[in-house]
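The structure appears below as structure tokens.
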Amino acid sequence: MAKTIIELKSADLTLGSAAASVHVLKGIDLDVAAGESVGIVGPSGSGKSTLLMVLAGLEKLDSGEININDTPLHSLSEDEVADFRGRNIGIVFQSFHLIANMTALENVAVPLELANVRNAFEIAHRELKSVGLDERLNHYPGQLSGGEQQRVAIARALAPSPALLIADEPTGNLDTETGRQIADLLFSKQAERGMTLLLVTHDVALANRCSRQIRVRSGRIEGDSTARHSEAAIA
């Protein structure tokens, strides 16, 4: 049996304050095994992206427990969580989040340097080559297409060799064909490296490629199923 890499117990989170507060996550329990690919789906405002941010260590629970790779994130300080995330979790965002005045190579290498990783630029070069950007190392984000920028973001996420890869609408800003290529890249890297992949998506075809789907509605998990499902099943 595969090791459990994610364990969420009674996860509760409210964002905002006073009259503007929103109870986003409501007592969520979730276990994910190492090597799984999990699509998190649901209507806008359901809490799925917030759930992903909690799993990435970017949002702190009000109550409950979160264990990632046998580490209790709920018991760590912000600095300790940031250190753990940098070594264990790769994150890919819809809007790429690249630094405009840094080259592709620098965008991938600098986070490694900040984490005191040896040979940061050598690793960055290798990762950019692995996503098909060997000829674009010294280009700035503004000189790259949307698909190329997302490839840089994926290379950056993969560079620390994370056990967990998290993607929030990774194809949301791309045309259909480019989005398919990026999805192919994510799943091929997951299989190649044996990572766990969690992604939030509105794209039914992308969700159907995952080995498991979590359906979120109104801050709760309303469905948890394996294999591929029809559009009707996740609408």
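The values are calculated or read from the model by the stated rules, or taken from the named source; none is laboratory data. What you are looking at is a predicted structure, and each value in this text was computed from that prediction instead of being measured. Glycine also receives a Cβ, built like all others from the backbone with ideal geometry; neighbour counts cover every protein chain displayed. Just so you know, the surface numbers come from the protein's heavy atoms only, side chains and all, with ligands and any DNA or RNA stripped out. Shrake-Rupley method; radii C 1.70, N 1.55, O 1.52, S 1.80 Å.
Charged neighbours of THR171, selected by a Cβ distance under 13 Å, balance to -3 (K, R count +1; D, E count -1).
Each of MET102, MET195 has its accessible area taken with a 1.4 Å probe; listed largest first, they run MET102, MET195.
Picking from ASP29, ASP79, ASP134, which is most flexible by a Gaussian network model of the chain using Cα springs under 10 Å? Per the Cα network of the chain with a 10 Å cutoff, ASP79 tops the list. Working note: 222 nm ellipticity from helices only, DSSP H runs with n ≥ 4, each -39,500 (n - 2.57), summed and divided by the residues of the chain, gives -10000 deg cm²/dmol to the nearest 500. The label-point distance for ARG220 and ARG118, in a model that sets each label 7 Å from Cα toward Cβ, rounds to 5.3 nm. Using a probe of 1.4 Å, the accessible surface attributed to ASP70 totals some 120 Å² when neighbouring protein chains are kept in position. The lysine pair count for the chain, using Cα distances under 21 Å and pairs eight or more places apart or on different chains, is 8. You can think of it this way: the chain between HIS202 and PHE84 has 39.6 nm of extra reach, that is 0.36 nm per residue less the Cα-Cα gap.
What relative contact order, as a whole-number percentage, does the range 19-85 give when Cα pairs under 8 Å and 6 or more residues apart are counted? If you can, show how the numbers build up before the last one.
Numbers: 33 pairs, mean separation 14.5, N = 67.
Relative contact order for the range 19-85 comes out at 22 percent.
Normalised by the number of residues in the range 49-184, the average gap of Cα pairs under 8 Å and 6 or more apart makes the relative contact order 30 percent.
Compute a Gaussian network model of the chain, connecting alpha carbons closer than 10 Å, and tell me which residue from ARG118, ARG180, ARG151 fluctuates the most. Taking springs between Cα atoms under 10 Å, the residue moving most is ARG118. The mean sequence separation of alpha-carbon pairs under 8 Å and at least six residues apart, normalised by the residue count of the chain, gives a relative contact order of 27 percent. When restricted to Cα atoms, the range 1-100 yields an Rg and a Dmax of 14.1, 46 Å, respectively.
What FRET efficiency comes out for ASP184 versus LEU58 if R0 is 25 angstrom and r is the Cβ-Cβ distance? Round to the nearest 0.05. Each step should come with its number before you reach the end.
Details: r = 26 Å, r/R0 = 1.06.
The computed FRET efficiency comes out at 0.40.
Applying D = kT/(6 pi eta Rh) to the chain, where Rh is the Kirkwood radius over alpha-carbon pairs, T corresponds to 4 °C and eta to 1.567 mPa s, the Stokes-Einstein value obtained is 71 µm²/s. The accessible surface of the range 66-163, taken with every protein chain in place and a 1.4 Å probe, is 47 percent carbon and sulfur. Taking label positions 7 Å along the Cα-Cβ direction at both ASP31 and ALA18, the computed distance is 4.4 nm, reported to one decimal. Calculated accessible area for the chain comes out at 47 Å² per residue, all protein chains present (probe 1.4 Å; ligands, DNA, RNA ignored). Here the extension length gained between SER44 and THR71 equals 6.7 nm, from 0.36 nm per residue of separation less the Cα-Cα distance.
Once you order the gyration tensor axes a ≥ b ≥ c over the Cα atoms, which shape class does the range 172-217 get: rounded for a/c under 1.5, otherwise prolate or oblate by comparing a/b with b/c? The partial results should precede the final answer.
Working: a/c = 2.18, a/b = 1.02, b/c = 2.14.
Because a/c hits 1.5 or more and a/b fails to exceed b/c, the range 172-217 counts as oblate.
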